[in-house]
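Reviewing the structure listed below.
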Amino acid sequence: MGLLDGIQRAFNIGGAKISIHTEREVISQGGVLAGVVVVNAQNRPVDGKSLWINLEEFWTEYHGTGKTRHKVTVRENRNILMLAQNFVLEPNSEYSYPFEMQLPLNSRLSTRETGWALQVSIDVHHGIDPGQRMRLNVGLADDFLAIVQAFQWKMAFKEKEKSRRWKGDKNCTYFRILPDEQWEKEFDYIAFELTQLQNGGVTGKVIFNLQEKSFTDYIKAMFMQDRSVMPFKLTREQLFLPDGNVNQEEIVRSLKSVMDRIAKERDPYNKLS
């Protein structure tokens, strides 16, 4: 092996090129992450000891105080899969390695600075390990999305844009829906703070943010007293029909009676009768 060849091997010049492909563009919280790692051996063989893929969680934190305060990105390995061991990839060849792993229940949602990534690396003999990193787009769990869709389809409510938040201190997910014209005179919005259950379904609370109708209501709003909070829980069977479609009737029914009661209690004509 000549000097130039040794240098090229050491720095993976003309060696392995890695790409990662997932079946879905958006992966739901607690959902199955499936895809394939494609390795292209270019104009020289790749002598590998191992090929692995790592599911990484990352987020930002502030360290230090005063002038030394600075933002850092923290990365934690959550799942590592070995895809191959002790192999040789022939030049000008392509190799595919399928993988499947599951995101944790109640996993953090992807944002510009936090979320999840896949890290692939080949441990090679006598050289720099080639690798590739791919950020994932993690969105609402299917259970949470079913609630949003039920109110969209049955009552023409809309999800508030950019309201989705992951609350790590409570291990829950927050999102809001906005009422239609009929209900917006009663509610400014309806918010959910929900947690996925291990056996399917959701639990948490619903926050009804009340529309101000009087001077007293405006005073209450100043002190965050303009809301009604109720516990909320739905099983997997209440969220989805046997055929897998969203159980719109049951989901809307679980809150519609509460909405009607709140509206009736705040009706001044009802109080006078």
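The values are calculated or read from the model by the stated rules, or taken from the named source; none is laboratory data. The model shown is predicted, which means the values in this text are computed figures rather than measured ones. A quick note on method: Cβ atoms are made from the backbone with ideal geometry, for glycine too, and the neighbour counts reach across all protein chains shown. Surface accessibility is based on the protein's heavy atoms, side chains included, excluding ligands, DNA and RNA. Shrake-Rupley method; radii C 1.70, N 1.55, O 1.52, S 1.80 Å.
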**Request:** Evaluate the following for Gly139: is it over 30 Å from Tyr97 (Cβ atoms), within 20 Å of the chain's Cα centre (by Cα) and not acidic (Asp, Glu)?
**Result:** no
**Prompt:** Between a first residue in the stretch 84-103 that is among the β-branched types (Val, Ile, Thr) and a second residue that is open to solvent by 30 Å² or more (accessible area, probe 1.4 Å), which pairs have beta carbons less than 9 Å apart while being 6 or more apart in sequence or on different chains?
**Reply:** Val88/Pro45; Val88/Asp47
**Item:** Extreme residue, farthest from Val32 (Cα to Cα), among residues of the stretch 99-124 that are open to solvent by 40 Å² or more (accessible area, probe 1.4 Å) and of a type outside the set (Lys, Arg)
**Value:** Asp123
**Request:** Can you work out which of the residues in the stretch 21-34 that are open to solvent by less than 10 Å² (accessible area, probe 1.4 Å) and in a strand (DSSP E or B) is nearest to Thr173 (Cα to Cα)?
**Result:** Ile27
**Request:** Starting from residues that are touching a Ser or Thr at 6+ places or on another chain (Cβ under 6 Å) and not β-branched (Val, Ile, Thr), keep the ones in the stretch 109-138 and report whichever is nearest to Phe192 (Cα to Cα).
**Result:** Asn137
**Asked** Hey, among the residues in the stretch 179-200 that are assigned to a loop (DSSP other than H, G, I, E, B) and within 23 Å of Pro104 (Cα to Cα), which one's least open to solvent (accessible area, probe 1.4 Å)?
**Response** Gly200
**Every residue from the stretch 159-178 that is free of Cβ contacts under 8 Å to residues at least 24 places away in the same chain and surrounded by 15 or more Cβ atoms within 10 Å (Cβ to Cβ)** = Glu159, Tyr174, Arg176, Leu178
**Message:** Pull out all pairs, ordered by first then second residue, where Cβ-Cβ is under 8 Å, the residues are six or more apart or on different chains, the first lies in the stretch 50-71 and is within 30 Å of His125 (Cα to Cα), and the second is open to solvent by 40 Å² or more (accessible area, probe 1.4 Å) and of a type in the set (Ser, Thr, Tyr).
**Reply:** Phe58/Thr73
